[in-house]
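Inspection log for the structure reproduced underneath, given as structure tokens.
Every number here is computed from the coordinates shown, using simple stated rules; none is lab data. Here the structure is a predicted model, which is why all the values come from computation and not from measurement. Reconstructed Cβ throughout: ideal geometry from the backbone, glycine too, with neighbour counts over all protein chains shown.
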Amino acid sequence: MALSNHYPARGIHSFNKTYMSIPYTILSFILFSCHTTRFASEIEAPKHQPVKTVTNINPPKPKNVIFMIGDGMGLTQITAGMYMNGNHLEMERCTSIGLHKSYSANELVTESAAGATAFSIGMKTKNGYLGLDSAGVSHTTIMEDASKNGSATGIIVTCSIEHATPAAFYAHQKERDHFDDIIPDLLNSNLNLFIGGGKKYVDRKTKDTLSLVNQLKNKGYLVNDYHENDKTTWIIPDVKKVCYFTADGEPLPYSKGRTYLPIATKAGIDYLNKASDHGFFLMIEGSQIDWGGHANDADYLIAEVLDFDRAVKEALDFAEKDKNTLVLITADHETGGFAINSGKKFGDLSTSFTTKKHTAALIPVYAYGPGAELFSGIYENTEIYVKLKKLMDLK
Ligand code: MG
Ligand code: ZN
């Protein structure tokens, strides 16, 4: 169609209808083929895959891994946080920076379930799938492997613990929104620590009224609640498993009074560090950066980036002292097509969004600690799993 403009007008007039139909037939065939390829149910593997980045390198191996995901945190979200924070973020302390390609198995633009599943099982999957490959086959997650290997494991999030990003590390389900199906996977996960919202989904299921809080207790969890503790001086008791609910549904935005993420990060690290001689694997999510992006609300988004960065400080402070901990900071995808426009200054940004959805932009990866050098370069999101497994000596 657009190509027809390239025919000189004179040339078109000189063709009769029969001759004209030949190039048009070829053209429409080409266009149709491109169309079917591009919108196939699975995105075809790109021809120019980067060389697998871990094969011949043997970096030092960390005892502990703190894997931090800022949901929807693209480069501009990070930039905006930095410029609104005196031109500084804690993430700048990281020594290796890379970029990952976030697309999923069936869409150039991924979402949180497929995005986190790429990290947790090392495979691109369909949007909405948790802990399954694109054919729907279940694979053990890196957190489950770490747990089997004797590491202490934990999840700390600012959404509900059943939400897509955390669930991709312990659940194996096709529907990210079917919390009733995700909760049994949570009960069977054997993780040592959960901190996040979503108590009501465990306490009052939608299908029936059966409370699963007692089942959680029967699995050995100390179930603690947001009413019961002073969260400013938070010490997690020395028991094998803890599930700490920070909200009945979704936790509040930072701007409305939620303050627990950096505090829980410090407390969670201290708890997991004591829990096993085999080190720990902790996933921390700044869940609501994404929600600020969906809302096209720059203030919401930036406040969440800065809250997440305060959790990054706790992780890096620990890693700096410990010298045996890898801190990895990345995102699943960018949200909002966020931009910083001209005309303003540090602390007073002019911003805009191109969409209320996610985008396909490359996503930064920041690493600090033993093995950090493995994360420089440009690679598929699934390579993060490959690199982590190598560093954690998991088969
Ligand atoms: Mg998320
Ligand atoms: Zn989102």
Karplus-derived 3J(HN,Hα), 6.51/-1.76/1.60, for each residue of the stretch 107-122, Hz, glycine and proline x = 8, 5, 9, 8, 9, 5, 5, 5, x, 6, 5, 4, 6, 7, 10, x
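So which chymotrypsin sites (Phe, Trp or Tyr not before Pro) in the stretch 225-330 end up in coil per DSSP with only 15 or fewer other C-beta atoms within 10 Å?
Details: sites: Y226, W234, Y244, F245, Y254, Y260, Y271, F280, F281, W291, Y300, F308, F318; in loops: Y226, W234.
When the chymotrypsin sites (Phe, Trp or Tyr not before Pro) of the stretch 225-330 are filtered for loop state and at most 15 Cβ neighbours within 10 Å, Y226 remain.
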So, counting K/R as plus one and D/E as minus one, what does the shell of residues with Cβ under 13 Å around Y221 add up to?
-> +4
Taking the Cβ of S255 as the center, what net charge do the other residues with Cβ under 13 Å away carry, scoring Lys and Arg +1 and Asp and Glu -1?
-> -2
When each of K101/K323; K199/K390; K199/K240; K217/K274 is checked by Cα-Cα distance, pairs over 26 Å = K101/K323; K199/K390
Name the residues whose placed amide hydrogens come within less than 5 Å of the amide hydrogen of E380, ignoring near sequence neighbours (fewer than 5 apart) on the same chain.
-> K101
How many nm is it between the label spots at N218 and N190, if each spot is 7 Å from the Cα in line with the beta carbon?
-> 1.9
With the dipole of the stretch 284-395 worked out from charges on the C-beta (+1 for Lys and Arg, -1 for Asp and Glu) around the Cα centre, which of A303, N341, G377 lies farthest toward the positive end?
-> G377
Just flag the trypsin sites (Lys or Arg not before Pro) in the stretch 278-337 sitting in loop per DSSP whose Cβ has no more than 16 other Cβ atoms within 10 Å.
-> K323
Straight-distance crosslink candidates among aspartates and glutamates, where the alpha carbon sits under 12 Å from K126 and sequence neighbours closer than 8 are dropped = E42, E107, E111, E175
Show the residues, 5+ positions off or on another chain, whose built amide H is closer than 5 Å to the amide H of G279.
-> A152
